[in-house]
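Q: Pasting a structure below so you can have a look.
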Amino acid sequence: MSNSNLTYLGQTGLKVSRLCLGTMTFGSSADETESNSILDAAADAGINFIDTANRYPSDASDERKGVTEQIIGRWLKGRRERFIVTTKAGGPMGPLPWDAGTSRKHILSAIDASLARLGTDYVDLFQLHRDDPSTPLDETLEALDTIVRSGRAHYVGVSNWSAWRIARAVGRSEALRLVKPVTVQPRYNLLFRQFERDLLPMCEEENLAAICYNPLAGGLLTGKYRGKAQPDPATRFGAGNTAASYRQRYWHERELDAVNRILNVAQLAGLAPERLAVAWVLAQPGVTCAILGASRAAQLSEVLRAGETKLDDQILHQLDMISREFRRGDAPPL
């Protein structure tokens with residue numbers, strides 16, 4: 001990947017690839033051998049940014065949470081310094097009341113456990129996976145400050161937080177002279193644009209890196225579901241404990257009609273739909289990186305080219321006309 005496809009991570013001096021590899025499937029729909037193939041393909045394409053979380057794989061029982069980090073840790077042996085690694089914490093990891101959330105107890109335990117599974121003494125970025133309004137914000141921020149000052153993470157950020165909570169976190173960090181969040185990880189794609197109203201403009205204003213996940217809407221924007229009345233049982237929309245949420249997010253007449261029109265634009269542009277969809281995300285104001293996920297390395301062949309794809313104004317206008325209705329709505333569900 002050329003230097004033109006690297007970007008600064010927000011207000012930091014760290015440069016990362018604009019495409020980031022998501023690993024939620026590692027240890028579930030992708031076994032360790034296939035996960036290694038996906039990591040190899042991404043690395044060969046110049047991706048230096050790997051995103052994971054302590055509770056992955058996404059459909060794991062409490063006993064299997066952390067398997068994804070273990071797979072990544074084994075793959076990283078001997079090449080740790082070549083990659084920017086980020087993990088997340090805050091989701092439930094066990095049955096105890098302090099096995100989730102953003103309390104000081106949970107966060108400090110979580111980072112140590114993640115480092116052990118990843119086989120490293122630091123991560124480049126440590127993010128809070130979900131907001132936890134039951135824990136005082138200052139307590140959470142002070143715990144993140146402890147993690148950075150101890151060297152266990154170089155930077156910190158948040159995922160799935162609303163804009164006003166992020167703004168408050170930045171303000172409280174400044175007031176208390178604590179390490180500030182430098183990244184935001186929102187869901188964002190052609191079928192979900194509500195964050196354009198507040199979160200992405202805030203990221204631009206505060207120079208926060210927006211690392212956007214779900215750019216293909218769970219695979220819907222690849223075109224593999226075109227013409228189907230029901231999702232295939234073995235896909236993300238048809239199986240596993242996330243299937244219901246994906247159907248609730250996207251499997252509606254309005255979204256499916258928009259997908260058909262987006263696929264027509266891709267065909268006329270001579271681009272694979274997945275390449276078009278990710279290139280669109282990268283072209284939007286306030287977006288720093290797009291997170292790519294896969295269950296097989298072969299799925300990455302086209303989408304890895306999105307970082308080098310510049311969409312012309314006509315295509316961007318067509319896509320905006322098709323998808324601008326998805327900017328509306330109440331506060332977006334997380």
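No lab work stands behind these numbers, since they all come straight from the coordinates. Small disclaimer: the values here were computed from a predicted structure and weren't measured. For neighbour counting, all protein chains shown are included, and Cβ atoms are generated from backbone atoms with ideal geometry for every residue, glycine included.
Q: In whole Å, how far is the Cα centre of region 94-170 from that of region 11-31?
A: 18 Å
Q: Quick one: helix 137-149 against the long Cα principal axis of the chain, what's the angle to the nearest 10°, folded into 0 to 90?
A: 80 degrees
Q: Right, another one. Does anyone have the angle between helix 273-282 and the longest principal axis of the chain? Alpha-carbon axes, 0 to 90°, nearest 10?
A: So the inclination is approximately 50 degrees.
Q: So, with +1 on the Cβ of K and R and -1 on the Cβ of D and E, and no other charges, what is the size of the charge dipole of the chain about its Cα centre, to the nearest 20 debye?
A: The dipole magnitude comes to about 120 debye.
Q: If the cut-off is 27 Å between C-alpha atoms, which lysines fall inside it for K105, apart from same-chain ones fewer than 8 positions away?
A: The reachable lysines, counting only those whose Cα sits under 27 Å from K105, are K65, K88, K180.
Q: Here is a further query. So what is the relative contact order for the chain, in percent, with contacts set as C-alpha pairs under 8 Å and at least six apart?
A: Here the relative contact order equals 19 percent.
Q: To continue, here is another question. How much length would be gained if the chain were fully extended between D232 and D257, taking 0.36 nm per residue of separation minus their Cα-Cα distance, in nm to one decimal?
A: So the chain would gain 7.2 nm between D232 and D257.
Q: For q values of 0.21, 0.23 Å⁻¹, compute log₁₀ I(q)/I(0) with the Debye formula on a Cα-only model of region 17-126, without solvent.
A: -1.11, -1.30
Q: Also: For helix 253-269, report the angle its Cα long axis makes with the longest principal axis of the Cα atoms of the chain; keep it between 0 and 90° and round to the nearest 10°.
A: It is inclined by approximately 70 degrees.
Q: Compute log10 of I(q)/I(0) for region 171-301 with the Debye formula, placing one identical point scatterer on every Cα and leaving out solvent, at q = 0.11 Å⁻¹, to two decimals.
A: The calculated log intensity ratios at q = 0.11 Å⁻¹ are -0.45.
Q: Additional query: Return the FRET efficiency for the residue pair D59, D99: r is the Cβ-Cβ distance, R0 is 22 Å, and the value is rounded to the nearest 0.05.
A: After rounding to 0.05, the efficiency reads 0.75.
Q: So for region 1-46, what percent of the C-alpha to C-alpha distances run longer than 12 Å?
A: Value for region 1-46: 67 percent of Cα pairs lie more than 12 Å apart.
Q: I would also like to ask the following. With each pseudo-label sitting 7 Å past Cα toward Cβ, what's the K15-R327 distance in nm, one decimal?
A: The answer from the label model is 3.3 nm.
Q: Using a Gaussian network for the chain with springs between C-alpha atoms less than 10 Å apart, which of these wobbles most: P92, P57, P181?
A: P92
Q: What share of the DSSP beta bridges in the chain is antiparallel, in percent to the nearest 5?
A: For the chain, the DSSP antiparallel bridge percentage is about 15.
Q: Ok, one more. What whole-number volume per residue, in cubic angstrom, does the convex hull of the C-alpha atoms of the chain give?
A: Value for the chain: 128 Å³ per residue.
Q: Quick one: if you stick a label point 7 Å off each Cα along the C-beta vector at D40 and K310, how many nm between them?
A: 3.4 nm
Q: Can you compute the FRET efficiency between R82 and T242 using 1/(1 + (r/R0)^6), with r the Cβ-Cβ distance and R0 = 30 Å? Round to the nearest 0.05.
A: It comes to 0.45.
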